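Engineer: What follows is a single structure, and I will ask about it in a moment.
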Protein chains: 2
Amino acid sequence: MSKKISIEKKVLSENDKLAMEIRAQLKKQQIPALNFVSSPGSGKTSLLEKTLAALSSELTIGMVAGDVQTENDANRLINAGGKFIKPIVTGGSCHLDAKMVSKVLPQIDLSKLDLFIIENVGNLVCPSSYDLGEDMKVVLVSVTEGDDKPLKYPGMFRRSSVMIINKIDMLELCDFDMETVRRNALQINGDLKFFEMSCRTGEGLDIWYDWLKSLVAQKKEHFLNV
Amino acid sequence: MSKKISIEKKVLSENDKLAMEIRAQLKKQQIPALNFVSSPGSGKTSLLEKTLAALSSELTIGMVAGDVQTENDANRLINAGGKFIKPIVTGGSCHLDAKMVSKVLPQIDLSKLDLFIIENVGNLVCPSSYDLGEDMKVVLVSVTEGDDKPLKYPGMFRRSSVMIINKIDMLELCDFDMETVRRNALQINGDLKFFEMSCRTGEGLDIWYDWLKSLVAQKKEHFLNV
């Protein structure tokens, strides 16, 4: 048992070391970095497609899209107008780790970017344990998944800074209460910032885009003031 | 690296040994066993609630409900009329393993059961690798998750025998094609048996109930003929 624990610790510390290196590279270029996490099918790729298309004239966004198998998500992001998109196929692994990200990072010209987004593997458990050098994790929950998810998968919500409640156009068809999901999430993490949206109808997306722009502006301002 | 692999192999073989013991216990009592797997929020618990309520006069069903945190699912199943329900809280682990199941199994009087169902942790990756002594894995996909899931998470669909397409009442609101999801799934596993249903409207549930009853009858018949 003690052997198992010590190996796990070693793996994590190697990951943390690489994540620190990624964070330093992004900081040097003043690029905020988000790590998108959720269950499979919560709408991470759809939101990133919309975001790329809507902000293309204002922000240059680099993205890494992780999947267990296929490069479909990365291809969707390229088709949505993304020019700095790289896939990571984990080949079975249930999460991205810092090693995978640092391997593809040299293929992206960071000096061109305003914002960097990592789309993690669809999994509400394992990706919570891996720092990828991001400034913050953004967790998505779609209303079709139920308002109990923060309580059942607390690790992910504890380690996220932003929670997106997606597919709100389907609210009437679901046994999902907006107050309950917020209360459940805040019980796990009182600092969570919320967004409600529907990628299908476009409701709530403008507020999301504004927040991303302010994030980029703040990072640049902070850099100038340091 | 080789050390990591050898430890993983050892863990798996210990799991397989325990899974064989569970399988032997269930076989002795002629109880078919299903392992329900899916993303979080695909509707595993809702379907099991409906199943318990609909079949209570015909079949006695034992269930083990796994969750990362909370016993909410097990409590829902008990409230739905389940008399042989046990929770497993993994406390962070992303899947059930045979050790967890064999620990709670003595708390269920198998001699009373016609059918045994394990509700795994919501995760479309990790639970695929763990044999829990079941006869077959049943994978659920809800139409809100997208028809690409079998290609992106092939391990789970390869190791399942039955695929349930759930929440079909929401089809019109989703970019989900029934033909495509079946084709994608069959590309991974040509032997998959499909069910389409909506737990909200009840569509397709009768066919599912009939199949469960035939599964129990077959197992008993097979036992008599051996």
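The values are calculated or read from the model by the stated rules, or taken from the named source; none is laboratory data. As the structure is a computational prediction, the values presented were derived from the model and not from experiment. A quick note on method: Cβ atoms are made from the backbone with ideal geometry, for glycine too, and the neighbour counts reach across all protein chains shown.
Engineer: Would you check which residues across the stretch B:125-152 are within 9 Å of another protein chain (Cβ to nearest Cβ) and basic (Lys, Arg) and list them?
Structural biologist: Selection gives B:Lys149, B:Lys152.
Engineer: Out of the stretch B:95-110, which residues are more than 15 Å from the chain's Cα centre (by Cα), closer than 26 Å to A:Leu124 by Cβ and without any contact (Cβ under 8 Å) to a residue 60 or more places away in the chain?
Structural biologist: Result: B:Met100, B:Lys103, B:Val104.
Engineer: Being out of contact with any Gly (no Cβ under 7 Å at 6 or more places or on another chain) and assigned to a helix (DSSP H, G or I) is the filter; apply it to the stretch A:21-43 and report the residue that is nearest to A:Pro106 (Cα to Cα).
Structural biologist: Among those residues, the one meeting the criterion is A:Gln25.
Engineer: What residue, of B:Lys44, B:Lys50, is touching an Asp or Glu at 6+ places or on another chain (Cβ under 8 Å), among the basic types (Lys, Arg) and within 14 Å of chain A (Cβ to nearest Cβ)?
Structural biologist: Values: B:Lys50 fails: touching an Asp or Glu at 6+ places or on another chain (Cβ under 8 Å).
Just a single option satisfies the conditions, and that option is B:Lys44.
Engineer: Only one of these conditions is not met by B:Arg182: (1) surrounded by fewer than 24 Cβ atoms within 10 Å (Cβ to Cβ); (2) within 14 Å of the chain's Cα centre (by Cα); (3) more than 10 Å from chain A (Cβ to nearest Cβ). Which number is it?
Structural biologist: Status for B:Arg182: all satisfied but (2).
Engineer: Test A:Met170 against the criterion of being in a helix (DSSP H, G or I) and either farther than 24 Å from B:Cys199 by Cβ or of a type outside the set (D, E, K, R) (or both), and give yes or no.
Structural biologist: Working: in a helix (DSSP H, G or I): yes; either farther than 24 Å from B:Cys199 by Cβ or of a type outside the set (D, E, K, R) (or both): yes.
Yes, satisfied.
Engineer: State whether the residues of the stretch B:130-140 include one that is outside the structural domain of B:Ala33 (by TED's automatic domain parsing) and at positive phi.
Structural biologist: Yes, that holds for at least one residue.
Engineer: Hey, any hits in the stretch A:213-221 for a residue that's facing chain B (nearest Cβ under 10 Å) and in contact (Cβ under 8 Å) with a residue 12 or more places away in the chain?
Structural biologist: no
Engineer: Given (1) within 11 Å of chain B (Cβ to nearest Cβ); (2) of a type in the set (Phe, Trp, Tyr); (3) surrounded by fewer than 17 Cβ atoms within 10 Å (Cβ to Cβ), identify the lone condition not met by A:Phe194.
Structural biologist: Unmet condition: (1).
Engineer: Does B:Gly92 fit the bill of being closer than 26 Å to A:Val139 by Cα, touching a residue at least 40 places away in the same chain (Cβ under 8 Å) and part of a loop (DSSP other than H, G, I, E, B)?
Structural biologist: no
Engineer: Can we say A:Pro127 is closer than 29 Å to B:Leu151 by Cβ and under 18 Å from the mean Cα position of the chain (by Cα)?
Structural biologist: When the stated conditions are applied, A:Pro127 passes them.
Engineer: Right, another one. Identify, from the list A:Lys149, A:Lys137, the residue that is buried (at least 22 other Cβ atoms within 10 Å of the Cβ) and either at pLDDT below 95 or closer than 20 Å to A:Ala24 by Cα (or both).
Structural biologist: Just a single option satisfies the conditions, and that option is A:Lys137.
Engineer: Mind counting the residues in the stretch B:197-222 that are touching a strand residue (DSSP E or B) at 6+ places or on another chain (Cβ under 9 Å), surrounded by fewer than 14 Cβ atoms within 10 Å (Cβ to Cβ) and part of a helix (DSSP H, G or I)?
Structural biologist: 2
Engineer: In addition: Suppose we filter B:Lys86, B:Lys27 for residues that are farther than 14 Å from B:Leu115 by Cβ and charged (D, E, K, R); which single one remains? First the steps, then the outcome.
Structural biologist: Numbers: B:Lys27 fails: farther than 14 Å from B:Leu115 by Cβ.
Checking each option against the conditions leaves just B:Lys86.
Engineer: When only residues in the stretch A:152-167 that are touching a helix residue (DSSP H, G or I) at 6+ places or on another chain (Cβ under 6 Å) and assigned to a helix (DSSP H, G or I) count, which is surrounded by the most Cβ atoms within 10 Å (Cβ to Cβ)?
Structural biologist: Per the stated criteria, the residue is A:Met156.
Engineer: Moving on. Consider A:Val101 carefully, then state whether it is within 13 Å of A:Gly133 (Cα to Cα) and in contact with a strand residue (DSSP E or B) (Cβ under 7 Å, 6 or more places away or on another chain).
Structural biologist: yes
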